[in-house]
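Inspection log for the structure reproduced underneath, given as structure tokens.
Derivation of every value follows stated rules applied to the coordinates shown; laboratory data play no part. The structure presented is a predicted model; accordingly, all values stated were derived computationally and were not measured. Using ideal geometry, Cβ is built from the backbone for each residue, glycine included, and neighbour counts are taken over all protein chains shown.
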Amino acid sequence: MTKFLLILQMCSGINGECTQPIQYQKLFNNYAECAIYGYSASVEYLGKTNFNMINEHKLHVRFWCKEGKDA
């Protein structure tokens, strides 16, 4: 059965640069579960960031769900 991995990156809206991707350890049973969790994880990740940095660099979180084999 195929599983999905969630991968997040913090990116700057000013220069388009992104941090190294962060891969969640949790595996998801389907794409929908991964995608829905990705939005809540993005809010949490951005919420832990200094608001001045977010405003100064126009930061946003980019995420995707990578298909992989069973772990």
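Around the Cα centre of the chain, unit charges on the Cβ atoms of Lys, Arg, Asp and Glu (plus for the first two, minus for the last two) sum to a dipole of about 80 debye. Loop-only trypsin sites (Lys or Arg not before Pro) in the chain, please: DSSP not H, G, I, E or B, and at most 14 other Cβ atoms within 10 Å. Hits after loop and neighbour filter: 48, 58, 69. Using only the alpha-carbon atoms, how far is helix 31-47 inclined from the longest principal axis of the chain? Give it as 0 to 90 degrees, nearest 10. Taking the Cα atoms of the chain, the angle to 31-47 is about 30 degrees.
The Rg/Rh ratio for the chain, using Cα coordinates for both the radius of gyration and the Kirkwood hydrodynamic radius, is 1.04. Remark: spin-label model distance residue 64-residue 23 equals 1.4 nm, labels positioned 7 Å along the Cα→Cβ axis.
Placing R0 at 30 angstrom, the Cβ-Cβ distance between residue 31 and residue 52 gives a FRET efficiency of 0.25 after rounding to 0.05.
Karplus-derived 3J(HN,Hα) values for region 56-67, using 6.51 cos²θ - 1.76 cosθ + 1.60 with θ = phi - 60°, are 5, 9, 6, 6, 8, 9, 10, 9, 8, 10, 9, 6 Hz; glycine and proline are entered as x.
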